[in-house]
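Here the structure is laid out as structure tokens; the discussion comes afterwards.
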Amino acid sequence: MNLDFSTLAGAQDFLWQGFKYSLTLTVSSMVFGIFFGTLLAMARMSSIKPLSLAAAGYVNLFRSVPLVLVIFWFYILVPLLTGVDVGAERSAFLTFAIFEAAYYCEIIRAGIQSIPRGQIAAGQAMGFSYGQNMRYVILPQAFRNVVPLLLTQTIVLFQDTSLVYVVGATDLLGAADKVAHRDNTLVEMYMLVALIYFSISFALSQAVKRLHARIAIVR
Amino acid sequence: MIQINNVSKWYGEFQVLTDCTTEVKKGEVVVVCGPSGSGKSTLIKTVNALEPFQKGEILVEGVSVGDPKTNLPKLRSRVGMVFQHFELFPHLSITDNLIIAQMKVLGRGRDEAMDKGLKLLDRVGLKAHAHKFPGQLSGGQQQRVAIARALAMDPIVMLFDEPTSALDPEMVNEVLDVMVELAQEGMTMMCVTHEMGFARKVASRVIFMDRGQIVEDCSKDDFFGHLDARSERARQFLSKILQH
């Protein structure tokens, strides 16, 4: 088998664009997913029944359907509902934020549940309102307990962003795929993207491992 | 200061408090004792609504604790509480533990809160540890910080829920010393504790609870001085904990 990487130089910029899109999509889904996931987790644990049921329904729905399907749905649904064709790249931002929030929610919920009852009582006894107790006492500890899980989920998310290529978005895989078909370098391109995904994901997961040991709170 | 009138509480079918009635007047130190499971911790936690109750009424300076319209955070901010397991916030430094509620709940400025917090930290003898985190202190030290943290809110009353029972024996006294000093300064206190030495020294009244009921509620002198006039249950309990 002859590998031909000679076309790579010309495709560099296009691949770099795709890579940047993959990263942007990952980071924005993480930020929004964690933010919305935190609200969902609080809603799920709320004593207000309709709120907790709605949040549970949301989480269970998105955790029970394949991501690819959700990507298709939003790609087709968003233009149908809004009348605006936002394009594959932009619709994916919404899709991933909404989908990932369900996963982040469960991680954050586990984090909140790991906080001892006494801490919550202590915050209440100091006169904190529910919101203040969450913000100053519970969430900071909850997040610290689950940072490794949140980052691991983000690594999975980074890999999953490659699924947007099914709706024709030009992420790293999408860009590589287009170049591969144009230049007839399928093997070379798929090897290259595999290497990139692997290096980044593996390096991150090693970093998470080290972080894990460092951030544990001394009790 | 605190009036507890006919308070009853159930966990499902199980009744944990039965018609508890007592009061704590301004400047009084009331010690609550009794065997484990007698409801003493539950009773003290109903006072600042950490535990809800189903029947009766509790008034803290005339404010009804059980009333759904009561602003609980505000009421709690005026009632200091010290827990069995200290419950300092482990992610915050000692200084931040001391100032956060002063700033966020009472709206004090950082300088004022810091000033107050450090003064109290000095008072419990731990000024040198201000920059540390709770996990770096011993149990006794953590409990003294917890007392300072509660005092920083200028409470009208202090509640102590078995403040020494999670401590190693050699650390009990450093915490009791702080509590005795506080009592002698005239702080209104309600203390769930088995430390009968503490009760003898500073208590105005002693409450003895058993199976969710207040069995004895009398002056310290009556409680310790006239044992023959006490109930069978109280005598048994006292003989057990005073034996050694």
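The values are calculated or read from the model by the stated rules, or taken from the named source; none is laboratory data. If you're wondering where the values come from, they're calculated on a predicted model, not measured in any experiment. Note that each Cβ is placed from the backbone with ideal geometry, even for glycine, and that neighbours are counted across all protein chains shown. In case anyone asks, the SASA skips ligands and DNA or RNA and just uses the protein heavy atoms, side chains included. Shrake-Rupley method; radii C 1.70, N 1.55, O 1.52, S 1.80 Å.
Burial annotation for region A:106-149: residues with an accessible-area loss of at least 40 Å² between the isolated chain and the complete set of protein chains, computed on heavy atoms with a 1.4 Å probe, are A:Q119, A:A122, A:Q124, A:A125, A:M126, A:G127, A:F128, A:Y136.
Among the trypsin sites (Lys or Arg not before Pro) in region B:195-244, those placed in a DSSP loop whose Cβ has at most 15 other Cβ atoms within 10 Å are B:R211. A simple spin-label model places pseudo-atoms 7 Å from Cα toward Cβ; at B:H226 and A:I196 they are separated by 9.0 nm.
Just flag the GluC sites (Glu not before Pro) in region B:145-244 sitting in loop per DSSP whose Cβ has no more than 13 other Cβ atoms within 10 Å. Passing sites in region B:145-244 are B:E185.
Backbone amide hydrogens, once placed in the peptide plane, bring B:D210 within less than 5 Å of B:V215, excluding anything fewer than 5 places away on its chain. The A:S129 and A:W16 beta-carbon pair, evaluated with R₀ = 60 Å, returns a calculated FRET efficiency of approximately 0.80. Buried on complex formation within region B:104-124 (loss of at least 30 square angstrom of accessible surface versus the isolated chain, 1.4 Å probe, ligands and nucleic acids ignored): B:K104, B:V105.
Per-residue mean of foreign Cβ neighbours for B:212-222 is 0 (Cβ atoms of other chains, 10 Å radius). Take the Cα of A:V187, go 7 Å toward its beta carbon, and the backbone nitrogen atoms of region A:1-21 under 19 Å from that spot belong to A:1-9.
Keeping all protein chains in place, calculate the accessible area per residue for region A:6-218 (probe 1.4 angstrom), answer in Å². Present the calculation step by step, with values, prior to reporting the outcome.
On the way: 10590 Å² over 213 residues.
Using a 1.4 Å probe on heavy atoms only, each residue of region A:6-218 averages 50 Å².
Our note on the geometry: Cα centres of region B:67-145 and region B:168-188, 17 Å apart.
Burial of accessible area (probe 1.4 Å, heavy atoms of protein chains only) in region B:61-76, relative to its chain alone, reaches at least 20 Å² for B:P73, B:R76.
Shown here for region A:1-96: chymotrypsin sites (Phe, Trp or Tyr not before Pro) in loop regions (DSSP other than H, G, I, E, B) with at most 15 other Cβ atoms within 10 Å, namely A:F5.
Amide H contacts for B:E28 (H built 1.01 Å from N in the peptide plane; partners 5 or more residues away or on another chain; cut-off under 5 Å): B:M189. For the protein assembly as shown, the mean residue ellipticity at 222 nm estimated from helices alone is -18500 deg cm²/dmol, where every DSSP H run of n ≥ 4 contributes -39500 (n - 2.57) and the total is divided by all residues, rounded to the nearest 500.
Rolling a 1.4 Å sphere over the protein heavy atoms, what is the accessible area per residue of chain B, to the nearest Å²?
For chain B, the per-residue accessible area is 43 Å².
Only protein atoms count toward the accessible area here, which uses a 1.4 Å probe; on region B:86-155, the carbon and sulfur part of that area reaches 48 percent. Listed values for region B:17-27 are Karplus-derived 3J(HN,Hα) couplings in whole Hz (6.51 cos²θ - 1.76 cosθ + 1.60, θ = phi - 60°), namely 10, 10, 6, 7, 9, 6, 8, 10, 8, 4, x, and x replaces Gly and Pro. Couplings for region A:179-187, taken from phi via the Karplus curve 6.51 cos²θ - 1.76 cosθ + 1.60 with θ = phi - 60°, read 4, 4, 6, 5, 9, 6, 10, 4, 4 Hz in order; Gly and Pro are left as x.
Counting only protein heavy atoms, what percent of the accessible surface of region A:130-177 is carbon or sulfur at a 1.4 Å probe? Whole-percent figure for carbon plus sulfur exposure: 60.
Chain B against chain A buries an accessible area of about 1800 Å², both chains summed, 1.4 Å probe radius. Of B:A148, B:A203, B:A130, which has the largest mean-square fluctuation in a 10 Å C-alpha GNM of chain B? Of the options given, B:A130 has the highest mean-square fluctuation.
Compared with the dominant principal axis of the Cα atoms in chain A, helix A:8-44 is inclined by about 20°. List the residues of region B:11-55 whose backbone N lies under 11 Å from a point placed 7 Å from the Cα of B:S239 along the Cα-to-Cβ direction. No residue qualifies, since no backbone N sits under 11 Å from the label point. Separation of the alpha carbons by more than 26 angstrom is noted, of B:K69/B:K119; B:K26/B:K240; B:K69/B:K104, for B:K69/B:K119; B:K26/B:K240.
Rounded to the nearest percent, how much of the accessible area of region B:165-244 (1.4 Å probe, protein heavy atoms only) is carbon and sulfur? Write out the running numbers ahead of the final one.
Values: 1860 of 4080 Å².
Taking all protein chains in place, region B:165-244 shows 46 percent carbon and sulfur surface.
Region A:34-110 and region B:197-220 have Cα centres separated by 56 Å.
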